[in-house]
Amino acid sequence: MKKLNRKNVGLENKLPIKIVQFGEGNFLRAFIGYAFQELNKAVNFNAGIAVVQPIDRGLVNMLNDQDGLYTLFMKGVKKGQEIQDIELISNIVKGVDPYANFNDYLSLAKEESLEFVISNTTEAGIAYVGTDTLDMQPPSSFPAKLTVLLHERFKHFNGDASKGLTIIPCELINHNSETLKEIILKYISDWNLSDDFKTWLLESNSFHSTLVDRIVPGYPKDEIEAYNAQLDYEDNLIVAAEAFLLWVIEGGDDLKAKLPFNKTKLDVKIVDNMQPYRTRKVRILNGAHTAMVPFSILYGNTTVKQSVDDPFTGPFISHAVFNEIIDTLEMDRDELNSFADEVFDRFRNPFIIHNLSSIALNTVSKFTVRVLPSLLEYVNIHKKLPINLTFAFASLIRFYKGTWNGQNLPVNDSEDVVSFFNDIWKLKDYKDISKAVLEKTDFWGKDLTKITELQSAIALALEEIDANGIEAGFTNFSNNIKNTKIDIAW
């Protein structure tokens, strides 16, 4: 079988470098590489990507061995139909390892055609490292590396305002661009860089926060023979991803003109404020994930797909999303329902095995961020408890007991959280257990016993789970608390 390179597949013409991309991992190659290839095809965007390896060890050498080429397999479910697509991604022009060749890295700053910087250096990547200096080759942190690159560009083009860049970080932290810009400004101060450079940075460059959403399992090592059988070349950088893709970028008309994704088939939204989309994703997709884990494991499921396909747990999750979570969000109801439908398609994706145990990590803190706000807002609006989310809360508390029917449960949390639940489960009375958990402000940010009836509802659910199991316990629980009116005392 022939080696994958540009000569062997007839793609020897390279695009001009319009994008510097920090990160060569699976996610960016399945997300950014694909998105800009679609933009190139739709409007002749003519954008080549130079990939920078952000840490000392990475895949740049492998990428360069294949002339920047790799195959993307996209699989999923859309409106109940299984879909599969294969795309040879060809817009990476070069890979740069600044640790091996720092001058090669600096040369990117001098590219006439360069317009964009895009990154995904993991959530820990946008961080200030006080020991980084301007003369390091390279500095350790991504923001310091970017500061060096921007400073080199400023010097090379003599502060030309037209040579500023559009900077779009994709790390999964809220307000990612604002955080990145603050750290760059900190380095400018630390390194005593000129006021002219600071002014150029602030006035000639733009920073845009983002939300990215695509499940990328990555290199399919367990099924690699089946993937290779579909190709007529040897590819060492195959990447597998779900079909779904969402990219929300904060920006105005200027950015829409620079990035005409509206002329592609992709769901790329350029909006004034991305926070409603972030809230939508966190509450619906992440919230459903977190809410389902404890009760679905206790019921006997092992995967997300099993959970949404099961005749009991599936409707339970669906009701929690469509009748409780969505009810608390302020976006257009049809748009929320459409997004939730896509989420359930993703949950049912037969090509992605998503084990419940793998998303059980730190469930308490996740519940506080992803699920509890929906529960509290539902109470505020309706003056009654959301039955499914309340039962999911009780299932979390029961899950943290650590055993079920004589088997150990995949509880995976910090030592203090696990120790707390070990202690409270020594209590004999379900009301005492419920009270001890709900008043734990360290977990929830507030004393949840102030919600009248929540303490007794959680106690009832715990008693029903232990006495009758998840399915019968939920039926009895819901019949007992339905239409119970409550108040919040804080």
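Quick notes
- Hey, Ala291 of a type in the set (Gly, Ala, Ser), loosely packed, with under 14 Cβ neighbours inside 10 Å and at pLDDT 95 or above or not: no
- Sole residue being in the same structural domain as Val411 (by TED's automatic domain parsing), over 23 Å from Arg333 (Cβ atoms) and among the hydrophobic types (A, V, I, L, M, F, W, C), chosen from Val282, Val293: Val293
- Test: residue in segment 94-104 that is buried (at least 19 other Cβ atoms within 10 Å of the Cβ), on the phi > 0 side of the Ramachandran plot, out of contact with any Gly (no Cβ under 7 Å at 6 or more places or on another chain) and not assigned by TED's automatic domain parsing to the domain that holds Arg346: no
- Test: residue in segment 60-75 that is farther than 30 Å from Gln230 by Cβ, in the same structural domain as Gln37 (by TED's automatic domain parsing) and assigned to a strand (DSSP E or B): no
- Residues of segment 351-367 that turn out to be farther than 18 Å from Ser296 by Cβ and in contact with a strand residue (DSSP E or B) (Cβ under 8 Å, 6 or more places away or on another chain), as a count: 1
- Taken over segment 318-353, the criterion of being touching a residue at least 60 places away in the same chain (Cβ under 8 Å) and among the aliphatic types (A, V, I, L, M) is satisfied by Ala320, Ile325, Ile352.
- Annotation note: of Gln37, Gln81, Gln21, the sole residue that is within 27 Å of Val248 (Cβ to Cβ) and free of Cβ contacts under 8 Å to residues at least 24 places away in the same chain is Gln81.
- Boolean, Pro315 is modelled with pLDDT under 95, of a type outside the set (Asp, Glu) and surrounded by fewer than 16 Cβ atoms within 10 Å (Cβ to Cβ): no
- Residues that are over 18 Å from Val364 (Cβ atoms) and in contact (Cβ under 8 Å) with a residue 24 or more places away in the chain, drawn from segment 430-450: Tyr430, Lys431, Lys450
- A search for C-beta distances below 7 Å between a residue of segment 120-142 that is part of a helix (DSSP H, G or I) and any residue that is at pLDDT below 95 and crowded, with 17+ Cβ neighbours inside 10 Å, counting only pairs 6+ apart in sequence or on different chains, returns Phe142/Pro54; Phe142/Thr121; Phe142/Gly125; Phe142/Ile126.
- On the stretch given as segment 90-146, residues that are closer than 19 Å to Gly164 by Cα and among the polar types (S, T, N, Q) total 3.
- Selection of helices (runs of 4 or more DSSP H) fully inside segment 321-420 by the criterion of at least 2 residues being within 18 Å of the chain's Cα centre (by Cα) and either closer than 30 Å to Ile83 by Cβ or modelled with pLDDT under 95 (or both) returns 333-347, 363-370.
- Unmet requirement for Phe261, which otherwise passes all of (1) surrounded by fewer than 20 Cβ atoms within 10 Å (Cβ to Cβ); (2) touching a helix residue (DSSP H, G or I) at 6+ places or on another chain (Cβ under 9 Å): (1)
- Residue that is farthest from Gly48 (Cα to Cα) [pool: residues in segment 64-93 that are loosely packed, with under 15 Cβ neighbours inside 10 Å and among the acidic types (Asp, Glu)]: Glu82
- Scanning segment 143-166 for residues that are within 24 Å of Leu259 (Cα to Cα), of a type in the set (A, V, I, L, M, F, W, C) and either crowded, with 21+ Cβ neighbours inside 10 Å or under 32 Å from the mean Cα position of the chain (by Cα) (or both) yields Leu146, Leu149, Leu150, Phe154, Leu165.
- Residue tally, condition crowded, with 18+ Cβ neighbours inside 10 Å and closer than 27 Å to Gly76 by Cβ, over segment 167-207: 5
- Which numbered condition Ser296 misses (of (1) hydroxyl-bearing (Ser, Thr, Tyr); (2) farther than 22 Å from Pro373 by Cα; (3) in contact (Cβ under 8 Å) with a residue 60 or more places away in the chain): (2)
- Counted residues, segment 209-224 - those being buried (at least 19 other Cβ atoms within 10 Å of the Cβ) and over 17 Å from the mean Cα position of the chain (by Cα): 0
- Qualifying positions in segment 225-276 - polar (S, T, N, Q) and within 21 Å of the chain's Cα centre (by Cα): Asn273, Gln275
The values are calculated or read from the model by the stated rules, or taken from the named source; none is laboratory data. Being a predicted model, the structure only gives us computed values, none of them experimental. Ideal geometry is used to build each Cβ from the backbone, glycine not excepted, and the neighbour counts take in all protein chains shown.
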